[in-house]
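Note sheet for the following structure.
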Amino acid sequence: MSASGGTKAIVAALGANLAIAAAKFVAFAFSGSSSMLAEGVHSIADSGNQGLLLLGGKKAKRAATEEHPFGYGRERYIYGFLVSIVLFTIGGVFALYEGYEKIHDPHPLEAWYWPIGVLVFAVIAEGFSFRTAIKESNELRGKQTWAQFVRRAKAPELPVVLLEDFGALVGLVLALGGVGLTLLTGNGIWDGIGTMCIGALLVLIALVLAAETKSLLLGEAAGPEQVAMIRAAVVDGDVVTRVIHMRTLHLGPEELLVAAKIAVRHDDTAVQIADAINAAEARIREAVPIARVIYLEPDIYHEATAAKGPDPTKTPGGH
């Protein structure tokens, strides 16, 4: 993911959510709509989430240290996971609680034009933010479906903003439905039901985000296309004859570790092998620029030993 693209989508979402949150709280103050209160808290939570994503991106740029020799790229995954927790607790759980209270103690809306006007404004603002996130994501999505993009993306920012904006737009439609039915029937219970639906939606989105960012935190390998490109780049057909075993790991969205045991000929000299390894590393970085940490271990290929697979008690890719 391009850092500038992710940042642009985050800033657009942050500006929209701050403006929308202020408008929603004003509407709640004049109308007493629980949907407006829940949506206002939702927008505040979303604004905090965008702040967390920006903070994570800044911290991830720190240089590697002796204590953290592979750098701080995974900070972006940590803050992406925190976003899912904030969305679940502050956004989803609060909305469920507020909706439950309104259903048990319904009351008619006052100054109904406030929530309607604010919701229309919010749909326009969120639509702008969602459009920005879609535009930035399309540059990276390729032929993937949206579900595949969210599932496979190694950078958490754009999937998080996409799901947040999508949830916000659906939530606004639910809030409009709750307010509209309350006005038509004169029964405030519909406002509470709309609020409960918003809460359930936010909890669902938070669980999806938590599952995806947890997988990134645990460590994900490179995608199949990148793995194939790395394998092709390693072998030169002269000194390096094949890849015996290989493992890849994302140290961050834009940094990949490659560890491989490569087969060389038994009569090659140390100088030939060293030159071949250096050349292979250069080819890997040219084919997959984010492959910044590369360890290649030369070995003599034995079919029976290689068939057993890598030994986890030894070095990555060893047997």
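The values are calculated or read from the model by the stated rules, or taken from the named source; none is laboratory data. If you're wondering where the values come from, they're calculated on a predicted model, not measured in any experiment. Using ideal geometry, Cβ is built from the backbone for each residue, glycine included, and neighbour counts are taken over all protein chains shown.
Details
- Filter result for HIS68 (in the same structural domain as ALA175 (by TED's automatic domain parsing), without any contact (Cβ under 8 Å) to a residue 60 or more places away in the chain and in a loop (DSSP other than H, G, I, E, B)): yes
- So LEU251, is it in contact (Cβ under 8 Å) with a residue 24 or more places away in the chain, in a strand (DSSP E or B) and not acidic (Asp, Glu): yes
- Counting only residues that are in contact with an Asp or Glu (Cβ under 6 Å, 6 or more places away or on another chain) and charged (D, E, K, R), the stretch 9-60 holds 3 of them.
- Every pair of residues 6+ apart whose Cβ atoms lie under 6 Å, when the first sits in the stretch 278-293 and is farther than 16 Å from GLY223 by Cβ while the second is part of a helix (DSSP H, G or I): ALA280/VAL234; ARG283/ALA233
- Yes/no for ALA133 being hydrophobic (A, V, I, L, M, F, W, C), surrounded by 21 or more Cβ atoms within 10 Å (Cβ to Cβ), assigned by TED's automatic domain parsing to the domain that holds GLY32 and part of a helix (DSSP H, G or I): yes
- Residues satisfying the stated conditions in the stretch 191-230, i.e. over 29 Å from the mean Cα position of the chain (by Cα) and crowded, with 23+ Cβ neighbours inside 10 Å: ASP191, GLY192
- Considering the stretch 42-81, and only residues there that are aliphatic (A, V, I, L, M) and closer than 20 Å to VAL293 by Cα, the residue that is surrounded by the most Cβ atoms within 10 Å (Cβ to Cβ) turns out to be ALA60.
- Total residues in the stretch 71-103, condition touching an Asp or Glu at 6+ places or on another chain (Cβ under 9 Å), among the charged types (D, E, K, R) and over 25 Å from LEU158 (Cα atoms): 1
- Within the option set ALA228, ALA168, being free of Cβ contacts under 8 Å to residues at least 12 places away in the same chain and on the phi < 0 side of the Ramachandran plot holds for one residue only, ALA228.
- 2 or more residues assigned by TED's automatic domain parsing to the domain that holds THR132 and more than 29 Å from GLU254 (Cβ to Cβ): qualifying helices (runs of 4 or more DSSP H) within the stretch 147-239: 157-185, 189-218
For every residue, the table says whether it meets (1) assigned to a helix (DSSP H, G or I); (2) within 19 Å of GLU98 (Cα to Cα); (3) of a type in the set (Phe, Trp, Tyr); (4) modelled with pLDDT of 85 or more.
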| position | (1), (2), (3), (4) |
| --- | --- |
| SER4 | yes, no, no, no |
| LEU14 | yes, no, no, yes |
| LEU18 | yes, no, no, yes |
| ALA38 | yes, yes, no, no |
| GLN50 | yes, no, no, yes |
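- Index of the failed condition, GLY92 passing every other in (1) closer than 30 Å to GLU39 by Cβ; (2) out of contact with any helix residue (DSSP H, G or I) (no Cβ under 6 Å at 6 or more places or on another chain): (2)
- Test result for ALA274, part of a helix (DSSP H, G or I) and surrounded by fewer than 18 Cβ atoms within 10 Å (Cβ to Cβ): yes
- Within the stretch 97-104, none of the residues are buried (at least 19 other Cβ atoms within 10 Å of the Cβ), of a type in the set (A, V, I, L, M) and assigned by TED's automatic domain parsing to the domain that holds LYS214.
- Looking across the stretch 240-257, the residues that are β-branched (Val, Ile, Thr) and in contact with a Pro (Cβ under 9 Å, 6 or more places away or on another chain) come down to VAL240, ILE244.
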